[in-house]
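The values are calculated or read from the model by the stated rules, or taken from the named source; none is laboratory data. Source: prediction; values computed, not measured. Note that we place each Cβ from the backbone using ideal geometry, even for glycine, and neighbour counts take in every protein chain shown. Remember, those area values only see protein heavy atoms, side chains included, never the ligands or the DNA or RNA. Shrake-Rupley method; radii C 1.70, N 1.55, O 1.52, S 1.80 Å.
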Amino acid sequence: MNMDKLTVGQKIMAIVLLLAFFLGFTVILNFFFIGKISGAYSRVLESEVPKLAAMQSLTHQGANMERCLFNMLTIDNPARLNALAGKMAGIRSKANENLMEIEALARSEQEKNLFRKLMDSRQTYRAAYERVAIMIREKGRNEAMNHYGAVLRPAFDAYQACLEELVAQSQEQSKKQGADAASAGSIVRLMSLGFGFIGIVVGAGLALFIRRSITRSISHIAECLGVGAEQTASAAAQVSASSQAVAEGASQQAASLEETSSSLEEMASMVKRNMENAGRACDLARDTRSAGDVGARDMKEMGTAMDAIKQSSAEISKIIKTIDEIAFQTNILALNAAVEAARAGEAGMGFAVVADEVRNLAQRSALSARETAGKISQALDRSENGVQISQKVARSLDDIIAKARQVDELAAEVAAASREQAQGIEQINVAVSQMDKVTQSNASNAEETASASEELNSQTVEFKAMVAELGRLVNGIAIAGGNVKQEVKKRHSVVLAAHPKGNGSAQMKKNAEKLMAVPAGKNNGNNGNGNGKAANRVSGAAGAPLIGTAEKAEKLEEAIPMTRDFSDF
Amino acid sequence: MSAILEATGILTSQSRLADKYLTFALGHESYGIPVLKVREIIRLLDITPIPQMPPYVRGVINLRGKVIPVIDLRAKFDLEKAERTEKTCIIVVRLTLLSGAMTQMGLVVDAVEEVVNIMAGDIEDTPSFGASVSTENILGMAKVKGVVKTLLDIDRIVSGQVVEQLSRGAVPASSRPSVAAMAS
């Protein structure tokens, strides 16, 4: 049966319903049978008793009538006779009333037949006595006497017999009703007793069963709550430790944020300086460009100047060539003169000397001209070189200008980037200040969490006590309460002692974690042991329980399937 | 020719050779010819080539109305041809032909150097090897200012049939008696 699945309320409801069913059944039975009894009683009271009374009266009236008739037969006095006649009429009307009453109360067919028979016999009797009355008045008393003896008397007897029969019938009926009522009453008694007993027995059994099941469940729950409280305590300790760590981390973060903020300020000033420098670089690049433009123009002018030099050098070299030519011709002339002088012999000696001098002069002028030409050509080469160099310089200047333009653009870009950087730093500053706020709130939250976890821990201790109380309430013994409480307290105090003086170093945190981790592992590993211990404790504390000791221990172990539930931890 | 030498009174070969020489350059070498053989020095004129002549005969020039043959000494001495420069000159010499006739002839040289008076002590005999000129055309070797100059016997160099024909063909007949008169 799946009683375990029902709630406590449902179980109790089931008992109540069952008992109510029994009660209701009994009540219905009682109602039915008592109704039956009362019906029989009322029938007797309402029908049979008045009927009997009427019959009694009728019998009485018959007797009166008989007496009156007898009187009539015996009395001669007419006045008396008339009075007797009146009296007889009164009796008759009364008998009629009684008869009507009986007719009204007659129910069964048998009764009605009997009544009809009665009425017939009465009719016969009535006719007989009226005849008698008439005979008395008309024929005399003897004849009346005879008639009375012959007719009236048997008629009256028949009438009386019928009446007696009816009375007997009525009595029979009353007796029968009484017997019915008596039998119903005995049945009611028996059934009430039987159902009441069955109800009590079943109710008690169910109550016992439900009590057992509820106790079992509550014990299980209490055990689980105890373990849960232990877990909660350790978790609270962990939360406390980690919130401490978070608080320290938050303070470190705050310090870092302060450093970051100062660095950001430095950066901002540097960026500003960068921006200014970039602007200056921009100006310088512009100056460089204009200077380069001027240089390029100057270089062009220098090129034209070089060209002019080249031209004039070419002219000079032409002149020099002419001089050289002249010198050469002079040399030849001098040589011819020397030849002539030699041919002239002694007379040409002086002329030969002059010719020699002229030739020397010519040679010197040729030499000078050659030297000048060399110089000029050298100058030309140099000026050519200069032109080339100036062209190179012009190219370099162009390069410089291009580079300066690039530098200008780059400097502008750098300036723009610096501006954006400055804006970015401003945003970062805002973000850092927000982070600072968040960090501070984190720190306060962590502290709150720590205090809350401590609160939770104390609550857990109370919770443990309550669990123990619950166990005691259910089974009369404490379920693993005190032990766990002490353990948790010890652990918590260790963690708390380890933390306040710590500076949030990783070592401390590690220690705390180790402290937290070891007991949990113990719990995990010693599941079997714990089970055994619990069983022992239960068996040792047996005495109060309703069920036997061994059975109880067994049941508890069954009810608290630790191995199953704890394997998840 | 020997008559002329004897007439000047130079007996030994060295002392006979001691005289004024006109030196000129031909390639890297320097040569000298007796100044008395030289008629004049002119700049290089336009030379009119003459067909069917040996390669060393460049042609003829018109020297103040006189047509004289021109010989390229480079070609004559089997040196490689040189470009004409500003210094290239023609030395007009007066020659005594083998027939005894006198004639004028132009010699194309690279450059005219100077007129030097060479002492007898500076002149040495012709060595028997090493020159591009056959030794019979050389009078001797002269040392002038540390440089050896070859003294050429210009009469012997510029001789032979061709020159004869040239001078005959080139020199007008009217001038021939005067040459003969000078030679005598």
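Annotations
- Among the residues of segment A:59-118, those that are within 20 Å of A:Ser47 (Cα to Cα) and among the acidic types (Asp, Glu) comprise A:Glu97, A:Glu101, A:Glu103, A:Glu109, A:Glu111.
- The residues listed here are A:Lys36, A:Lys11, A:Lys5; of these, the one that is crowded, with 16+ Cβ neighbours inside 10 Å and farther than 24 Å from A:Asp180 by Cα is A:Lys11.
- For segment A:335-367, residues that are free of Cβ contacts under 8 Å to residues at least 24 places away in the same chain and within 30 Å of A:Met306 (Cα to Cα) total 1.
- Only one of the listed residues (A:Gly303, A:Gly226, A:Gly279) is assigned to a helix (DSSP H, G or I), at pLDDT below 85 and not assigned by TED's automatic domain parsing to the domain that holds A:Leu456. That residue is A:Gly303.
- Any hit, segment A:368-389, residues being assigned to a helix (DSSP H, G or I), within 14 Å of another protein chain (Cβ to nearest Cβ), under 28 Å from B:Cys89 (Cα atoms) and not hydrophobic (A, V, I, L, M, F, W, C): yes
- The selection criterion, being acidic (Asp, Glu) and either within 18 Å of the chain's Cα centre (by Cα) or surrounded by 19 or more Cβ atoms within 10 Å (Cβ to Cβ) (or both), does not hold for B:Glu86.
- Test: residue in segment B:74-81 that is surrounded by fewer than 20 Cβ atoms within 10 Å (Cβ to Cβ), in contact with a Cys (Cβ under 8 Å, 6 or more places away or on another chain) and modelled with pLDDT under 90: no
- If only residues of segment A:317-333 that are more than 9 Å from chain B (Cβ to nearest Cβ) and open to solvent by less than 20 Å² (accessible area, probe 1.4 Å) are counted, the one that is nearest to B:Thr85 (Cα to Cα) is A:Ala327.
- Verdict on A:Gln160 being touching a residue at least 40 places away in the same chain (Cβ under 8 Å), out of contact with any Cys (no Cβ under 8 Å at 6 or more places or on another chain) and surrounded by fewer than 17 Cβ atoms within 10 Å (Cβ to Cβ): no
- Within segment A:339-359, the presence of at least one residue that is within 29 Å of A:Ser317 (Cα to Cα), open to solvent by less than 60 Å² (accessible area, probe 1.4 Å), basic (Lys, Arg) and within 14 Å of chain B (Cβ to nearest Cβ) is confirmed.
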